Each structure stands twice: as structure tokens, then as C-alpha cells.
Ligand SMILES: NC(=O)c1ccc[n+]([C@@H]2O[C@H](COP(=O)([O-])OP(=O)(O)OC[C@H]3O[C@@H](n4cnc5c(N)ncnc54)[C@H](OP(=O)(O)O)[C@@H]3O)[C@@H](O)[C@H]2O)c1
């Protein structure tokens, strides 16, 4: 589903594979396709994946026991689930409460706030890792009309609005990591630079979310 991404990443990190935490997903309509995807991913990443996730809860009743078996065999370290659609959040929240999971991937940015109400409390209660998808609103947060970054964010190391958005999500202590997608190496470097503390205090997070929602 992500083209050549896994193969290219696997080749790039092969020389220092032990230092890298790899997260990937399986998105299949049939058990046979799921098995093929799992085998391909493990092949790309030296026979192991640190976090394997069930994409959009597809084939979840088959895949969770399957991925847990891979954990017991040492090929996978952690198991997670993902969903992008708030309509699926009740089902996702129920799974987080009742299944043996390590992580959840959910949409999170200063204007997509449903995850904060419906999923983050249960993720915290269950001690799950949280991966924030669409942290730049699929690019829609960055229209060019945002003006200069707020001085309080600049003082905490943000040069661009992309960095403000990423740091906004990462400043929630319940969030482990964010997943900004990019086709550009300069954007990847800019985005990675936002992954370090200092974090935004709650009042600044609230002000940034207010500005973006106007
Ligand atoms: N159900 C699911 O599990 C699910 C669903 C959707 C997404 N996801 C995950 O979430 C990840 C991110 O999602 P997404 O691609 O939808 O949204 P996103 O990361 O919020 O936005 C990506 C967009 O932002 C732009 N961008 C990135 N860095 C930038 C920067 N520094 N300055 C300006 N523009 C920048 C990119 O354009 P450039 O290429 O020009 O940088 C791209 O158009 C995906 O890779 C996927 O893993 C998961």
C-alpha cells in the first residue's frame, strides 16, 4: 500500500538495523494476502519488526492472534492497531480496552481533536504507545496563510508551522511519536528537528489549537 517504501527503508537501515525501531502495518482483505504482506515485511527488515499494526482494523480477529504468535516467536516485539476514521473510534476504543495491545495509531493534529476525547484516555489507562498520524492535517494545516510562527513557539525552537504542528502533538505526554509523511528530504529534516524537547506547555498548546481553528 506504500509502494516501494518498505523495501527502500529496509535497504537503507540494513547496515545499522539493530539501532532502528521499525513500525509497519498489514492491510489485507484476505488471510492469504495478510500472510504474504507479513512475510514480505519481515523479509525487508531482517526477519523482524519492532511494531506490527493492523491497519484500519481490517481482518483484526485473524491478525491479532497471528501477530501475537509472531511475538512469541521473536519476530515481532509489539502489536498495535490503527484507524483514521472517527466513525470507527467506538470499535477502536473497545478493542483498546479488551485486547492485549501495545500501541494505537490515531489521527491527531491541532484541528483533528476527536482522538483526544475518545481514544487517548483509554490509551493512557492501558499504558499504550500512541502514534499520531496525519500530524500536518495531510498537509491542509500548511496553506501558506498562517503568518509568522508564534514567538512563544519560536522561543521553544520552532522555525516553521510544520514544526509547530508536530511539536503540538508531541507535547501531549500521552503521545509517543508522530508520523509526518513527506516526499522531500528537506521537509524530513525540518520535521525531525521538531521531535526534541522542550515541549509546549498546556496553555501554549491551547492557544495554538485556537489559532488553527479560527
Ligand atoms: N489508517 C491509517 O492507519 C492511516 C491513514 C492515513 C495516514 N496514516 C499514516 O499517517 C502518515 C501521515 O499521513 P498523511 O500523509 O495523510 O498526512 P500528514 O503527514 O499530516 O501530511 C503530509 C503532507 O504534508 C506535507 N509536508 C510534510 N512535511 C512538510 C513540511 N515540513 N512543510 C510543508 N509541508 C510538509 C507533505 O508534502 P511534501 O511531500 O511536499 O513534504 C504532505 O503533503 C502516513 O504516512 C501514514 O503512515 C495512517
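We did not get these values from a lab; they are worked out from the coordinates using the rules stated. Only a predicted model underlies this, so the values are computations on that prediction, with no experimental measurement involved. Don't worry about glycine lacking a Cβ; one is built from the backbone with ideal geometry, like all the others, and counts go over all protein chains shown.
All of 48, 66 fail the test of being within 20 Å of residue 131 (Cβ to Cβ) and either buried (at least 16 other Cβ atoms within 10 Å of the Cβ) or out of contact with any helix residue (DSSP H, G or I) (no Cβ under 6 Å at 6 or more places or on another chain) (or both), apart from 48. In region 104-114, the qualifying residues are those that are under 19 Å from residue 56 (Cβ atoms) and surrounded by fewer than 23 Cβ atoms within 10 Å (Cβ to Cβ), and the one that is nearest to the ligand (Cβ to nearest atom) is 107. Consider region 85-94 and keep the residues that are within 14 Å of the ligand (Cβ to nearest atom) and buried (at least 16 other Cβ atoms within 10 Å of the Cβ). The one that is nearest to residue 161 (Cα to Cα) is 86. When 127, 137 are checked against the criterion of being within 11 Å of the ligand (Cβ to nearest atom), without any contact (Cβ under 8 Å) to a residue 40 or more places away in the chain and either under 20 Å from residue 102 (Cα atoms) or touching a strand residue (DSSP E or B) at 6+ places or on another chain (Cβ under 9 Å) (or both), a single residue qualifies: 137. Within region 162-194, being in a loop (DSSP other than H, G, I, E, B) and within 14 Å of residue 136 (Cα to Cα) holds for 180, 181, 182, 183, 194.
Among the residues making up region 147-177, a single one is within 18 Å of residue 121 (Cβ to Cβ), in contact with a helix residue (DSSP H, G or I) (Cβ under 7 Å, 6 or more places away or on another chain) and surrounded by 21 or more Cβ atoms within 10 Å (Cβ to Cβ): 175.
Quickly run through region 67-108 and pick out the residues that are in a strand (DSSP E or B) and farther than 24 Å from residue 45 by Cβ. Give the steps one after another, and end with the answer.
The first filter runs over region 67-108 and keeps only residues in a strand (DSSP E or B), leaving 76-82, 103-107.
If the condition is that a residue be in a strand (DSSP E or B) and farther than 24 Å from residue 45 by Cβ, then 107 is the only one that fits.
Whenever a residue of region 141-167 is closer than 22 Å to residue 107 by Cα, its partners that are outside any helix (DSSP H, G or I) and away from the ligand (no atom under 15 Å from the Cβ), lying with C-beta atoms within less than 8 angstrom and at least six residues away or across chains, give the pairs 164/150; 167/156; 167/199; 167/200.
I want to confirm something. Restricting to region 137-155 and keeping residues that are assigned to a loop (DSSP other than H, G, I, E, B) and within 23 Å of the chain's Cα centre (by Cα), which single residue is nearest to residue 187 (Cα to Cα)? If you could, list the steps in order and put the result at the bottom.
Step one: list which residues in region 137-155 are assigned to a loop (DSSP other than H, G, I, E, B), which gives 140-150.
Now narrow it down to the ones that are within 23 Å of the chain's Cα centre (by Cα): 140-143.
Working: 140: 15, 141: 15, 142: 12, 143: 15 Å.
Per the stated criteria, the residue is 142.
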